[in-house]
1. Cβ contacts < 6 Å: first residue farther than 20 Å from residue 31 by Cα, restricted to segment 46-61; second residue surrounded by fewer than 14 Cβ atoms within 10 Å (Cβ to Cβ), any location; separation 6+ or different chain. Result?
2. Between a first residue in segment 68-91 that is in contact (Cβ under 8 Å) with a residue 60 or more places away in the chain and closer than 17 Å to residue 25 by Cβ and a second residue that is small (Gly, Ala, Ser) and in a helix (DSSP H, G or I), which pairs have beta carbons less than 9 Å apart while being 6 or more apart in sequence or on different chains?
3. Please work out which residue is farthest from residue 19 (Cα to Cα), limiting yourself to segment 33-91 and to residues that are at pLDDT 90 or above, among the β-branched types (Val, Ile, Thr) and within 24 Å of the chain's Cα centre (by Cα).
Amino acid sequence: MGITPGEDPGTSPGRQRARSIGPFLTLGLQLAISVVLFFFIGRWLDGLWGTAPWLMLAGLFVGIAGGFLQFFRAVAALGRQEEQDRKDHRP
């Protein structure tokens, strides 16, 4: 079950699986950061210009839309990569 001499430790099935799901683990964090960031930018602008709560809400919706757009783009790209990897490893 150990690594034999001359074998690359990065080719074990466990490591390959971890590498394939690694990019998916950050997607939720990226979505949350974009929503929170745009919310607070809108809130700051509301305080600056006295337009509360409109820019805060606009920032919230922009953050949600942008975050989901980036989320779906990343998932689609990872899906295409996974499909290409499967095609490359077919006998």
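1. Close Cβ pairs (under 6 Å, with a partner that is surrounded by fewer than 14 Cβ atoms within 10 Å (Cβ to Cβ)) amount to 46/52.
2. 82/20
3. Here the residue is 41.
The values are calculated or read from the model by the stated rules, or taken from the named source; none is laboratory data. These figures come from a predicted structure and were not determined experimentally. No Cβ is skipped: glycine too gets one built from the backbone with ideal geometry, and neighbour counts run over all protein chains shown.
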